[in-house]
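Accompanying notes for the structure given below.
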Amino acid sequence: MRMSSRPARLRGLLPVIARAFAPTAALHAMTIDLAEIARLFAERGGVAYAGEPVSQLEHALQCAWLAEQAGASDALVTAALLHDLGHMLIAEHQTLSRSPTELGIDDRHQYIALPLLRGAFDVEVREPIRLHVDAKRYLCATRPGYFSKLSPDSVRSLALQGGVMDEAAATRFAAHSWAADAVRLRLWDEEAKMEGLETPPLVHFLATAARVMLP
Ligand SMILES: [Fe+2]
Ligand SMILES: [Fe+2]
């Protein structure tokens, strides 16, 4: 059998190389802008926040509003607004008859939005979002009375997310550069479930997000 020439062999490899690099290229190109965030809230923000008297949009607005009223930076207000974006990105979870936790599902929503946010926001926005679930596990371990503030759905998800941190894990978490911001976000997260609370509209907080978007 005659071996193919080097150029012919390389041509044959090109589709293989293209396939190998395509996911990486797509990931780098993948990002989200404010118009897409607004569209997500418009299309999916009306879904009830699991077991709570507020929708996903109301929860996000209340969380951002609590952050703003507390004098948080624009980055942390933006993190508060977007901390549960991952819930809205899971298409099949928008029509579940019960909350994911009631079905025994940890949706890992704290991670799901991160690849999309990476091109749009710096770590000061992304890290508190990534850590807001671990912050709950940390607060349960370190702050007396915090566990009693958790909603039934948060208690169910706590078990699915790894449960209360042990001492070593809590020490590691506290040493993280963004732990303090994640804890602040988490405390607003717990409060941001108030039926009928008036907040500024989404456009107000999108303007805040615009100020900290990457160029
Ligand atoms: Fe969350
Ligand atoms: Fe939340």
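What pairs come out if I take residues in the range 81-105 that are within 11 Å of residue 44 (Cα to Cα) and pair them with residues that are hydrophobic (A, V, I, L, M, F, W, C) and away from ligand 1 (no atom under 11 Å from the Cβ) whose C-beta lies under 6 Å away, six or more apart or interchain?
Note: pairs meeting the criteria are 88/40; 94/47.
Which of the residues spanning the range 115-162 are in a helix (DSSP H, G or I), touching a Gly at 6+ places or on another chain (Cβ under 8 Å) and farther than 21 Å from residue 172 by Cα?
152, 153
If residue 57 passes every condition in (1) assigned to a helix (DSSP H, G or I); (2) surrounded by fewer than 22 Cβ atoms within 10 Å (Cβ to Cβ); (3) more than 13 Å from ligand 2 (Cβ to nearest atom); (4) of a type in the set (A, V, I, L, M, F, W, C) but one, which one does it miss?
Unmet condition: (3).
Please give the number of the condition residue 177 fails out of (1) more than 19 Å from residue 76 (Cα to Cα); (2) surrounded by fewer than 20 Cβ atoms within 10 Å (Cβ to Cβ).
Of (1) more than 19 Å from residue 76 (Cα to Cα); (2) surrounded by fewer than 20 Cβ atoms within 10 Å (Cβ to Cβ), only one is false for residue 177: (1).
Does the range 173-215 hold any residues that are of a type outside the set (Ser, Thr, Tyr), away from ligand 2 (no atom under 16 Å from the Cβ) and not in a helix (DSSP H, G or I), and which are they?
175, 176, 178, 196, 198, 200, 201, 213, 214, 215
Which residues, counting only those in the range 71-113, are polar (S, T, N, Q), away from ligand 2 (no atom under 14 Å from the Cβ) and at pLDDT 85 or above?
Residues of the range 71-113 polar (S, T, N, Q): 73, 78, 94-95, 97, 99, 101, 110.
Next cut, away from ligand 2 (no atom under 14 Å from the Cβ) only: 73, 78, 94-95, 97.
73, 78 - these are the residues of the range 71-113 that are polar (S, T, N, Q), away from ligand 2 (no atom under 14 Å from the Cβ) and at pLDDT 85 or above.
Between 212, 183, which is under 17 Å from residue 78 (Cα atoms), in contact with a strand residue (DSSP E or B) (Cβ under 7 Å, 6 or more places away or on another chain), in contact (Cβ under 8 Å) with a residue 12 or more places away in the chain and not hydroxyl-bearing (Ser, Thr, Tyr)?
Values: 183 fails: in contact with a strand residue (DSSP E or B) (Cβ under 7 Å, 6 or more places away or on another chain).
Matching residue, one of 212, 183: 212.
Being acidic (Asp, Glu), over 14 Å from residue 129 (Cβ atoms) and within 13 Å of ligand 2 (Cβ to nearest atom): is that true of residue 52 here? Explain how you work it out, then say what you get.
Numbers: acidic (Asp, Glu): yes; over 14 Å from residue 129 (Cβ atoms): yes; within 13 Å of ligand 2 (Cβ to nearest atom): yes.
Spelling it out, residue 52 is indeed acidic (Asp, Glu), over 14 Å from residue 129 (Cβ atoms) and within 13 Å of ligand 2 (Cβ to nearest atom).
The values are calculated or read from the model by the stated rules, or taken from the named source; none is laboratory data. Quick caveat: nothing in here was measured; it's all calculated off a predicted structure. No Cβ is skipped: glycine too gets one built from the backbone with ideal geometry, and neighbour counts run over all protein chains shown.
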